[in-house]
Amino acid sequence: MNQHINQRLLAVVAAIALLSGCASAPASKTEATDAAAAPIVNDAAAISEDPKAPIERRVTDRWKLLVAGDAARAYTYLTPGYRSTATPSQYAEWLKSRQIKWTAGKYMDRQCDDATTCAVSVQIMAETKLPGIPGVQQASSVIEEKWLQIDGVWYHLPKSA
């Protein structure tokens, strides 16, 4: 019986990792700004209005919007090239169709190839319902996102781009 529970728990963690659609390799540790160090919760009101904010703030703000389910505003954090291939409504539909719900995210660190290209590690918390397992399952994972600085503004480049 205990082995059956362990198998279910492993299935939950694996499913959430797969459903997140992101890599899980953390980058090297660096200092985060105060704005980025706090966990991101469902508080889209605290979003910076400065599009040229530091990368830590842009990552933090984007995850606040994702957790809040604000696809329209989260869309503006995507690279101009990605936005030229997907409309805001397509992006919103993609977010709605996910089988997980992000409940929190936290900027962890970044590793930059140069002044305009960074790999950013974000710890995310998510929940999902899985067939055959009662209740909502929760998991945490560290994902890696690619961010590009274009004309002084940091943008997220989705893996599907």
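The values are calculated or read from the model by the stated rules, or taken from the named source; none is laboratory data. Remember, predicted model here, so these are calculated numbers, not experimental data. Here the Cβ positions follow ideal geometry from the backbone for every residue, glycine too, while neighbour counts run over all protein chains shown.
Details
- Verdict on residue 97 being modelled with pLDDT of 90 or more and more than 13 Å from the chain's Cα centre (by Cα): yes
- Scanning region 26-56 for residues that are modelled with pLDDT of 85 or more, among the β-branched types (Val, Ile, Thr) and assigned to a loop (DSSP other than H, G, I, E, B) yields a single hit, 47.
- If the condition is being under 22 Å from residue 153 (Cβ atoms), touching a Pro at 6+ places or on another chain (Cβ under 8 Å), surrounded by 14 or more Cβ atoms within 10 Å (Cβ to Cβ) and of a type in the set (A, V, I, L, M, F, W, C), then region 60-108 contributes 71, 78, 108.
- Evaluation of residue 105 against the conditions (1) modelled with pLDDT of 95 or more; (2) under 25 Å from residue 50 (Cβ atoms) shows that the sole unmet condition is (1).
- Considering residues of region 135-161 that are over 23 Å from residue 51 (Cβ atoms) and among the β-branched types (Val, Ile, Thr) only, the residue surrounded by the fewest Cβ atoms within 10 Å (Cβ to Cβ): 136
- If you filter region 114-136 down to residues that are hydrophobic (A, V, I, L, M, F, W, C) and out of contact with any helix residue (DSSP H, G or I) (no Cβ under 8 Å at 6 or more places or on another chain), you find that the one that is farthest from residue 99 (Cα to Cα) is 115.
- Residue in region 122-143 that is of a type outside the set (S, T, N, Q), out of contact with any His (no Cβ under 8 Å at 6 or more places or on another chain) and at positive phi present: yes
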